[in-house]
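*Asks:* Sharing a structure with you now.
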Amino acid sequence: MKTESCREWRESLGAYVLGQLAEAERAGFEAHLEGCSECRAELAELDSVARAMPLADPERFAAPAQPPPGLGDRVASTIARERRAARRGRRLRLGLALSGATAAAAAAVLAIFVLAGGSPSSGPEQRVTFASLPPGMEIAATLEPRAYGTEVHMYVDGVRSGTLCRVILRGLHGARLPAGTFRYRYGESEAVLSSALDLSRTRAIVVHVGRRAFVARL
């Protein structure tokens, strides 16, 4: 069974065979190949295809097959269902983790809440978009008030799979409370996090994507 690291390197197989992999990534990929027989076997198969590509005659290609009507809608519906199921699973895991927290951990959260000047909010959710992003990158967030503070639904796309993302909420008087971290995975663009800072007192959200930081004001 392939490891998570192996799955990430598989995304680079095609670029490596065609000689399009950056030098830094090429060195790391070749180091991975030395210890992974499965990737070496898959690379050998792709290499034979790449050598045959220059021999193909484009004029003899058949017309591309057309997908059946409604296929795109069915695929989109399936993806949407899987994302909803994944979000429900993450919320369930979060609920189980919170139910097993000790009294000391609960007291620590309460202390942070008081220091931030928070109080339970029942206001509407707020949707935030980030501007001035690098080409191809997308970041957005939905903040929802909760009794403990704020639930943060983060949407990140257009970055390298495995990139560490760290989210912080800024409040009044310079208060900075973390909402958590997650690693972006290809095909999993949304993460559900939480912060003890009350939404009514939140003034900005900061997202660290790798070594870059992006700020959106509420």
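The values are calculated or read from the model by the stated rules, or taken from the named source; none is laboratory data. Because the structure is predicted, anything quoted here is derived from the model rather than measured. Glycine gets a Cβ as well: all are built from the backbone with ideal geometry, and neighbour counts include every protein chain shown. Ligands, DNA and RNA are stripped out before the accessible areas are found, and what is left, the full protein with its side chains, is counted by its heavy atoms. Shrake-Rupley method; radii C 1.70, N 1.55, O 1.52, S 1.80 Å.
*Asks:* Kindly establish whether VAL215 is in contact with a His (Cβ under 8 Å, 6 or more places away or on another chain) and either more than 20 Å from GLU8 (Cα to Cα) or surrounded by fewer than 17 Cβ atoms within 10 Å (Cβ to Cβ) (or both).
*Replies:* Spelling it out, it is not the case that VAL215 is in contact with a His (Cβ under 8 Å, 6 or more places away or on another chain) and either more than 20 Å from GLU8 (Cα to Cα) or surrounded by fewer than 17 Cβ atoms within 10 Å (Cβ to Cβ) (or both).
*Asks:* So, one more: Hey, any hits in the range 157-165 for a residue that's outside any strand (DSSP E or B), open to solvent by 10 Å² or more (accessible area, probe 1.4 Å) and among the basic types (Lys, Arg)?
*Replies:* Among the residues of the range 157-165, at least one is outside any strand (DSSP E or B), open to solvent by 10 Å² or more (accessible area, probe 1.4 Å) and among the basic types (Lys, Arg), which makes the answer yes.
*Asks:* Something else now. So ARG212 clears everything in (1) farther than 25 Å from THR78 by Cβ; (2) touching a helix residue (DSSP H, G or I) at 6+ places or on another chain (Cβ under 9 Å) except one condition, right? Which one?
*Replies:* (2)
*Asks:* Shifting gears a bit: Considering each of ALA140, ALA97 in turn, give the residue that is closer than 18 Å to LEU193 by Cα and modelled with pLDDT under 90.
*Replies:* That would be ALA97, the only listed residue that is closer than 18 Å to LEU193 by Cα and modelled with pLDDT under 90.
*Asks:* Quick one: in the range 168-184, which of the residues that are within 12 Å of the chain's Cα centre (by Cα) and of a type outside the set (Lys, Arg) is surrounded by the fewest Cβ atoms within 10 Å (Cβ to Cβ)?
*Replies:* Applying the filter and picking the extreme gives THR181.
*Asks:* Answer yes or no: is there a residue in the range 41-48 that is modelled with pLDDT of 80 or more, acidic (Asp, Glu) and at negative phi.
*Replies:* Yes, the range 41-48 contains a residue that is modelled with pLDDT of 80 or more, acidic (Asp, Glu) and at negative phi.
*Asks:* Ok, one more. Within the range 185-201, track down each residue that is touching a residue at least 60 places away in the same chain (Cβ under 8 Å) and either under 30 Å from ARG81 (Cβ atoms) or open to solvent by less than 10 Å² (accessible area, probe 1.4 Å) (or both).
*Replies:* Selection gives TYR186, GLU188, GLU190, ALA191, VAL192, SER194, LEU197, ASP198, LEU199.
*Asks:* Let me ask something else. If only one of SER77, SER5 is modelled with pLDDT of 75 or more, open to solvent by 50 Å² or more (accessible area, probe 1.4 Å) and assigned to a helix (DSSP H, G or I), which one is it?
*Replies:* After ruling out the rest, the residue left standing is SER77.
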